Each structure stands twice: as structure tokens, then as C-alpha cells.
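Nothing in this text is a laboratory measurement; each read-out follows from the coordinates by a stated rule. Bear in mind the structure is a predicted one, so any value in this text is a computation, not a measurement. As a convention, Cβ positions derive from the backbone with ideal geometry for all residues, glycine included, and neighbour counts pool all protein chains shown.
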Amino acid sequence: MVLVLKNDQMENLLPMSEEIDAIEQAFRELGQGKAMNAPRAWLRTPWKEEGGQHYFNNIMGLVPGVKSMALRIDSSFSKEVQVAGVTLFLLF
């Protein structure tokens, strides 16, 4: 079954203690070689506009102990700015 969630729907989905338990289990299984994840994939536009560029991002993982896998997909606009000699990477 596929469940699509938006950010505002996820804010109070689980109590914080259950979220922490689930994350601990995922990292435990990852360390045991049971869980899997892939490097984050970013696809950036080759053109720049308004001083920045658009990007597409996906993150995926699998945790067998809770019989779940997930794919997060988002897109946004990024821009590099200089502040006091420091380059900042801003996401909008």
C-alpha cells in the first residue's frame, strides 16, 4: 500500500518517543546490514535564474524490522549568497 504524506500531515503523526524509537531501530538495522539506504540524489537545472537554480531531490530507504520502505521526493529553488565573506547556500 502506498501512503502519500505532505509535510503538515507528518508534524504530529507519531509521539516524539515513538519517532526516536523508530529512528534508533533503523540505525541499528543499518549497522547490522539489514536496512538499506541510497545516497541522496540531486538533479539540478543546468540554467540559472534569479541568481539561483531549481533542483529535484530524492531520498530512499528500507527498514525490514518495521516492514517499511520510503521514498521522499521534493523540489525547490537554491541560491548562493555572500554574507560577510561567507558563502551561504539557501533553499526556498
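Find, among the GluC sites (Glu not before Pro) in the chain, those assigned to loop by DSSP (not H, G, I, E, B) with at most 15 other beta-carbon atoms within 10 angstrom.
Glu11, Glu50
DSSP loop (so not H, G, I, E, B), at most 10 other Cβ within 10 Å: list which trypsin sites (Lys or Arg not before Pro) in the stretch 1-81 pass both filters.
Passing sites in the stretch 1-81 are Lys6, Arg40, Lys67.
Hey, what do the phi angles of the stretch 84-92 turn into as Karplus ³J(HN,Hα) couplings, whole Hz, using 6.51/-1.76/1.60 and θ = phi - 60°, x for Gly and Pro?
With the stated coefficients, the stretch 84-92 comes to 6, x, 10, 8, 10, 10, 9, 10, 10 Hz.
Which listed residue (Ala70, Trp47, Ile23) has the Cα farthest towards the positive end of the charge dipole for the stretch 4-92, taking +1 on Lys and Arg C-beta and -1 on Asp and Glu C-beta about the Cα centre?
Trp47
At 222 nm, what helix-only mean residue ellipticity would the chain give, in deg cm²/dmol to the nearest 500, using -39500 (n - 2.57) for each DSSP H run of four or more?
-6500 deg cm²/dmol
Quick one: compute the contact order of the chain, relative version, from alpha carbon pairs under 8 angstrom and 6+ residues apart, as a percent.
Normalised by residue count, the contact order of the chain is 18 percent.
How tilted is helix 16-31 with respect to the longest principal axis of the chain? Cα atoms for both, answer in degrees (0 to 90, nearest 10).
90 degrees
How many nm separate the modelled label positions at Ile59 and Trp47, each set 7 Å beyond the Cα in the direction of the Cβ?
Output for this residue pair reads 3.0 nm.
How much FRET efficiency would the formula 1/(1 + (r/R0)^6) give for Asn7 and Ala84, where r is the Cβ-Cβ distance and R0 is 30 Å, rounded to 0.05?
It comes out at approximately 0.45.
Apply 1/(1 + (r/R0)^6) to the Cβ-Cβ distance of Ile23 and Phe92, taking R0 = 35 Å, and write down the FRET efficiency to the nearest 0.05.
0.80
Name the chymotrypsin sites (Phe, Trp or Tyr not before Pro) in the stretch 1-83 that are in a loop by DSSP and that have at most 13 other C-beta atoms within 10 Å, would you?
Those satisfying the criteria are Trp47.
At 20 °C and a viscosity of 1.002 mPa s, what translational diffusion coefficient does Stokes-Einstein give for the chain, taking Rh as the Kirkwood radius over Cα pairs? Give it in µm²/s as a whole number.
134 µm²/s
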